[in-house]
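Q: Please read through the structure below; I'll follow up with questions.
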Amino acid sequence: LDKIWNLQNNVISQDGYRKELEASMHKTIKKVGEDIEAMKFNTAIAAMMSLLNEISENKGITLGEYKTLLVLLNPFAPHITEELWVNNGFEGMLNEAKWPTYDEAKCVDSTVEIVVQINGKIKARLNVAADISSDEALALAKENDTIKNEISGKNIIKELYVPKKLVNIVVK
């Protein structure tokens, strides 16, 4: 709550979301809305904390981002968010504000981090396209220097790719 309060000193008079935070904003709106409906309040708060950390890394917050963040936080901290709403000159009462909408297309990651395991032990992490094929993922894993050293001179018994998660190579 202190971070949220202090953010009002770093508000940029730009409306809307900055490009570097746009995907995170949409994902957080979706996550918090779904978590409130499912009564998973801790994970909703965790999603907002992650967003807040990302905002801090990007130095400042736009009025549009701050407005959305206050609306999302309001069910959990109504008194402080109402005061911040008024302090920043937003119209009306925050508890009557429209819930923000998200764009599903902006909630999809274009890249994902996968782990590469040799005999079940993590040896490397790779950033790959989210829609990478099994063959491409296995080839990319084998090109990694650490993995090359681990499988060099050994017989590959089995190769497994779990989409968006991991590559596992079993060697003997």
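Q: Which one is most open to solvent (accessible area, probe 1.4 Å), of the residues in the range 32-63 that are modelled with pLDDT under 90 and of a type in the set (S, T, N, Q)?
A: SER56
Q: Among (1) loosely packed, with under 11 Cβ neighbours inside 10 Å; (2) in contact (Cβ under 8 Å) with a residue 24 or more places away in the chain, there is one condition VAL167 misses while meeting the rest; what is its number?
A: For VAL167, the exception is condition (1).
Q: Provide a single number: the residues in the range 37-75 that are in a helix (DSSP H, G or I) and within 18 Å of the chain's Cα centre (by Cα).
A: Qualifying residue count for the region: 23.
Q: Does any residue of the range 84-96 turn out to be among the aromatic types (Phe, Trp, Tyr), open to solvent by less than 60 Å² (accessible area, probe 1.4 Å), within 24 Å of ASN10 (Cβ to Cβ) and touching a residue at least 12 places away in the same chain (Cβ under 8 Å)?
A: yes
Q: Of (1) open to solvent by 20 Å² or more (accessible area, probe 1.4 Å); (2) more than 20 Å from LYS106 (Cβ to Cβ), GLN14 satisfies all except one. Which?
A: Failed condition: (2).
The values are calculated or read from the model by the stated rules, or taken from the named source; none is laboratory data. Since the model is a prediction, treat every value here as computed from it, not as a measurement. When we count neighbours, we look across all protein chains shown, and the Cβ atoms used for this are built from the backbone with ideal geometry, even at glycine. We work out accessible area using only protein heavy atoms, side chains counted, and drop any ligands, DNA or RNA first. Shrake-Rupley method; radii C 1.70, N 1.55, O 1.52, S 1.80 Å.
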